[in-house]
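The values are calculated or read from the model by the stated rules, or taken from the named source; none is laboratory data. Only a predicted model underlies this, so the values are computations on that prediction, with no experimental measurement involved. In this analysis, Cβ positions are derived from the backbone assuming ideal geometry, glycine residues included, and neighbour counts consider all displayed protein chains. We work out accessible area using only protein heavy atoms, side chains counted, and drop any ligands, DNA or RNA first. Shrake-Rupley method; radii C 1.70, N 1.55, O 1.52, S 1.80 Å.
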Amino acid sequence: MAHRSALINVMVGAAQKAARHLVRDFGEVENLQVSRKGPADFVSNADRKSESILQAELQKARPTYGFMMEENGTIEGTDTSNRWIIDPLDGTTNFLHGLPHFAISIALERDRDILAGVIYEPINDQMFWAEKGQGAHLNGRRLRVSSRRDLADSLFATGIPFKGTENHELFTRQLSAVMGQCAGVRRCGAAALDMAYVAAGRYEGYWEMGINAWDIAAGVVLVREAGGFVTEIGGGKNFLTKRNVLAANPEMHVQLGSILRKAKRAAE
Ligand code: LIP
């Protein structure tokens, strides 16, 4: 079993505590109170409860750190170098439809760089964690991105825009350019797990536009510590603020990136 630092143990403990409530709520999903944040963007009291548990546990362990949270927003800490970036329930639409593919995502950002990340998929008890210089791990097993170098053998994940979101036309151009050259494209509805699965070598790459920092922050350190690259689709490094991301093994980061950028140029 890989050695976990005190920091990672705090994050794992918080995720496990919140997950106990999420799994119980998932069993009673039809009774959940749900409200709409946008045309097809939902929040339930399961999201809110999970977030308050995470906030309380992390505040208890590190009282001076700040927060960026999907539901409760941003809280400035007295220690301005350290900030938790939290998605209490990534894959909310899956959760509300009874689809057992969702996760809790916790990242620690230090001096504008992601230092540590935990992504917990409770239904299959998959605990992904990574810390800078300590590697990426799943339930004690060290993770490496896939070594596939051939586009035709590669499997990618993405996020398909939906009602009320942007980029529909650009996305369809990107998708048609990619799908004709690879072994398959998956849309599973939880960006944090898409990133974790790239780190685990299950996907060769993942891209999405219109994504939020809390969906991908923990996945960034997981993919990097597993030997992969994470940038904006255009190659820049401001993926948390520019809201688009490309994460892949080294070879596919180049090949998938150039297909996506070519599709964008063609759309201009
Ligand atoms: C979801 C992401 C997904 C994206 C959805 C949404 P949520 O996060 O995981 O990849 O396509 O628009 O952002 O809302 O379930 O935390």
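Before moving on, here are some points about what is shown:
- Any hit, segment 110-119, residues being under 19 Å from the mean Cα position of the chain (by Cα), at pLDDT 95 or above and in a loop (DSSP other than H, G, I, E, B): yes
- Set side by side, the residues THR78, THR93 differ, and just one is out of contact with any helix residue (DSSP H, G or I) (no Cβ under 9 Å at 6 or more places or on another chain) and modelled with pLDDT of 95 or more, which is THR78.
- No other residue among PHE162, PHE128, PHE171, PHE95 is within 16 Å of the ligand (Cβ to nearest atom), outside any strand (DSSP E or B) and crowded, with 24+ Cβ neighbours inside 10 Å apart from PHE95.
- Put simply, of VAL198, VAL223 the only residue that is of a type outside the set (Ser, Thr, Tyr), in contact (Cβ under 8 Å) with a residue 40 or more places away in the chain and more than 22 Å from THR92 (Cα to Cα) is VAL223.
- Close pairs (9 angstrom Cβ cut-off, 6 or more residues apart or separate chains): under 17 Å from ASP194 (Cα atoms) in segment 248-267, surrounded by fewer than 15 Cβ atoms within 10 Å (Cβ to Cβ) anywhere: ALA248/VAL254; ASN249/SER147; ASN249/ARG149; PRO250/ARG149; MET252/ARG149; GLY257/GLY234; GLY257/GLY235
- LEU151 being hydrophobic (A, V, I, L, M, F, W, C), in contact (Cβ under 8 Å) with a residue 40 or more places away in the chain and within 28 Å of GLY73 (Cβ to Cβ): no
- ASP153 more than 16 Å from the ligand (Cβ to nearest atom) and closer than 20 Å to GLU204 by Cβ: yes
- Only one of GLY73, GLY77, GLY13 that is within 15 Å of the ligand (Cβ to nearest atom) and either of a type outside the set (D, E, K, R) or out of contact with any Pro (no Cβ under 6 Å at 6 or more places or on another chain) (or both): GLY73
- Residue count for segment 203-243, restricted to those that are β-branched (Val, Ile, Thr) and surrounded by fewer than 22 Cβ atoms within 10 Å (Cβ to Cβ): 4
- Selected residue [within 18 Å of GLY228 (Cα to Cα) and in contact with a Leu (Cβ under 9 Å, 6 or more places away or on another chain)] from GLU109, GLU131, GLU121: GLU131
- Here the condition is being over 18 Å from ILE216 (Cβ atoms), open to solvent by less than 20 Å² (accessible area, probe 1.4 Å) and β-branched (Val, Ile, Thr); of VAL34, VAL12, VAL23, VAL29, it holds for VAL12 alone.
- Selection from segment 203-230 of residues that are more than 16 Å from the ligand (Cβ to nearest atom) and either within 19 Å of ILE160 (Cα to Cα) or in a loop (DSSP other than H, G, I, E, B) (or both): GLU204, ALA226, GLY227, GLY228
- Condition met for GLY133 (on the phi > 0 side of the Ramachandran plot, modelled with pLDDT of 95 or more, of a type outside the set (Ser, Thr, Tyr) and more than 16 Å from the ligand (Cβ to nearest atom)): yes
- Test: residue in segment 33-51 that is more than 14 Å from ASN212 (Cβ to Cβ), at pLDDT below 95 and away from the ligand (no atom under 16 Å from the Cβ): yes
- Close pairs from segment 163-180: first at pLDDT below 95, partner open to solvent by 60 Å² or more (accessible area, probe 1.4 Å) and of a type outside the set (A, V, I, L, M), Cβ under 6 Å, at least 6 apart: LYS163/PRO39; GLY164/PRO39
- Some residue of segment 186-194 being within 15 Å of the ligand (Cβ to nearest atom), in contact with a Ser or Thr (Cβ under 7 Å, 6 or more places away or on another chain), open to solvent by less than 70 Å² (accessible area, probe 1.4 Å) and within 22 Å of GLY219 (Cβ to Cβ): yes
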